[in-house]
């Protein structure tokens, strides 16, 4: 056993086994507690610990769930619900970097300052907390942790090109629904994970993914906090989220938390973006290498509110911190509710004396599960407080009338989510000690109702986002004896035979650009049949597209299909050039010149060729371009969308067509450095996104990432020897940045 009051900080990226180590360490003590950031994660850890030691020895405490046996040895809780007054041998706090969260941070800070195990304490989280922890908890012994698998950035990938076992992460319910519906149409369906789901619904959705019933998952950042999934790739569909009443950019640390879900245990993982989202080389490198920005200060609020009056309570909550490294948190939703209620005469009349004020403050701390906003949430809090004060608690009749409204398990996904949010509120109320006369009965009723609504929600999610008959992984349908009278009918159902297809030219007229496949030689196909061929046009980005497969369609069909294919050809340039595809009339001459240069080279150019154009940009233009995905690097300038895997393939085709190459140019994403040849000249590789460095061609985005690394990392990134790296850096006049010998 370690010495009394030993404090250990396990800090590092995701997939390092921090939470697992903490749980194992807790079970080596006679008693212990772990605080986790999400109810979903707390339930997952509780289930594992209960399976190990028996449910009679483990308590689960969250806002909505309380499973407390007669004499528990171990406690699993959300950080906010931790019963911190208990004297236990071991205490752990997970995801301590959330002390920087501007709504919840003050609670994590309070646990860092005050929560201690009698013998041992563990703090788990990102390495971004290393410096601040050293200031706030100077006796903590830091143990850095390393990923068990490698995480690699692969750029932008279209939704249709995502590999199996991928998660797409968005930050709003509407965007999650949109992406899941697109995956249903193209890839058979997707599981959905959002923070608003109950554990029961979340587990059912995750089980579909884990079992292989669906190959894709669409989620919010709820997957970023320790939920262990069998993911090989994570694709970010956005970099902004609506958080606390405002739209903000996610930090590199937050993105790393999400991207790090790819590659579990010792299996390597990849991450990327869904166009038009982009990551700068610096951000991608920071996520890969775990180079997160240090947390400078933690949010703070007094843990000892003054209950003498409502005014003194408000003043105590606004009392500034007295030590370095802490800053007063902006008023969270509970304080906002308190402020609004302090102005109501009916509330002020009853909130007299410490007991009533304590109950008012307890009511204000009911979570806003509905995300209804301060005014609407304050109205709910007032209703609860006034009922409780008038009747000495929440009466059975009052609770029954409100819960009865939520009994309907029909309606849409959003209807069910709204009812689940409301049920969670009443579950929290039934868990508050002394607030109801029949707490156990109400807990049973709300828990049963949550389970029923959760099952209905799972069924709606499956119905909307999973194409049941498109499952590629077998095992879902029962085997039928060939001699059975219904065997032939069952075989027909399992074949899922499509209806006879319309003529090719009719399907081509209706096809979207995403439905067409561009071959390496310039042939355009629909469902495996050729519908057009790219030929050289006025410039590389403007090829001609001649229709094929229109026999029997007549002159009118040929003309219509030609126009349709021409619009698809224009789509090529738009996809590659992103924000530069269409400039408004206010663009400066420098911006227009840069746009023309990048279009002529299909989306990227060496910096020395466009330096004067970049220098001529107005500051606002450069900032706008950078935020839209134009990367101004040390060696080249490129549009991030033009470096996506699919875009590089398109660029190779356009180079092949423009230069009339004897054989198609093929870009190998795993070979960022290549040599040109007579069949694959320098001009072709440049159009395909590469920069000429001596006798080597280096892909622009890989080069910019490598330039941010030390020599060994740069050589690994570019997959070259140290000797070859020296040659490349010499061509850039950057040889002085290398240290040590140049040997292989």
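The values are calculated or read from the model by the stated rules, or taken from the named source; none is laboratory data. Keep in mind it's a predicted model, so treat the numbers as computed, not measured. Reconstructed Cβ throughout: ideal geometry from the backbone, glycine too, with neighbour counts over all protein chains shown.
Close Cβ contacts (under 6 Å, 6 or more residues apart or on different chains) running from residues in the range 22-45 that are within 13 Å of residue 124 (Cα to Cα) and not assigned by TED's automatic domain parsing to the domain that holds residue 424 to residues that are at pLDDT below 95 and surrounded by fewer than 21 Cβ atoms within 10 Å (Cβ to Cβ) comprise 37/225. In this structure, residue 53 does not satisfy being buried (at least 16 other Cβ atoms within 10 Å of the Cβ) and in the same structural domain as residue 120 (by TED's automatic domain parsing). Can you tell me which residue within the range 627-652, out of those that are more than 18 Å from residue 156 (Cα to Cα) and in contact with a strand residue (DSSP E or B) (Cβ under 8 Å, 6 or more places away or on another chain), is surrounded by the fewest Cβ atoms within 10 Å (Cβ to Cβ)? If we take residues in the range 627-652 being more than 18 Å from residue 156 (Cα to Cα) and in contact with a strand residue (DSSP E or B) (Cβ under 8 Å, 6 or more places away or on another chain), then 635 is surrounded by the fewest Cβ atoms within 10 Å (Cβ to Cβ). Looking at 517, 571, 512, 529, just one residue is under 22 Å from residue 160 (Cα atoms) and modelled with pLDDT under 70, and that residue is 512. Where strands (runs of 3 or more DSSP E) fall wholly inside the range 195-289, no range has 3 or more residues that are assigned by TED's automatic domain parsing to the domain that holds residue 36, at pLDDT below 80 and within 21 Å of residue 41 (Cβ to Cβ). Counted as qualifying within the range 338-452 are the helices (runs of 4 or more DSSP H) with 3 or more residues that are in contact (Cβ under 8 Å) with a residue 40 or more places away in the chain and more than 27 Å from residue 301 (Cβ to Cβ), namely 396-404, 413-431. The residue that is nearest to residue 154 (Cα to Cα), among those in the range 707-736 that are touching a strand residue (DSSP E or B) at 6+ places or on another chain (Cβ under 8 Å) and part of a helix (DSSP H, G or I), is 718. Restricted to the range 108-163, and to residues there that are part of a loop (DSSP other than H, G, I, E, B) and within 20 Å of the chain's Cα centre (by Cα), the residue that is surrounded by the most Cβ atoms within 10 Å (Cβ to Cβ) is 126. Scanning the range 23-36 for residues that are surrounded by fewer than 24 Cβ atoms within 10 Å (Cβ to Cβ) and either assigned to a loop (DSSP other than H, G, I, E, B) or in contact with a strand residue (DSSP E or B) (Cβ under 8 Å, 6 or more places away or on another chain) (or both) yields 23, 25, 27, 28, 29, 30, 31. For the range 568-607, the candidate set comprises residues that are in contact (Cβ under 8 Å) with a residue 60 or more places away in the chain and not in a helix (DSSP H, G or I); within that set, the residue that is surrounded by the most Cβ atoms within 10 Å (Cβ to Cβ) is 603. Listed conditions (1) under 22 Å from residue 432 (Cα atoms); (2) assigned to a strand (DSSP E or B) are all met by residue 81, apart from (2). Among the residues in the range 611-626, are any out of contact with any strand residue (DSSP E or B) (no Cβ under 8 Å at 6 or more places or on another chain) and under 20 Å from residue 568 (Cβ atoms)? No.
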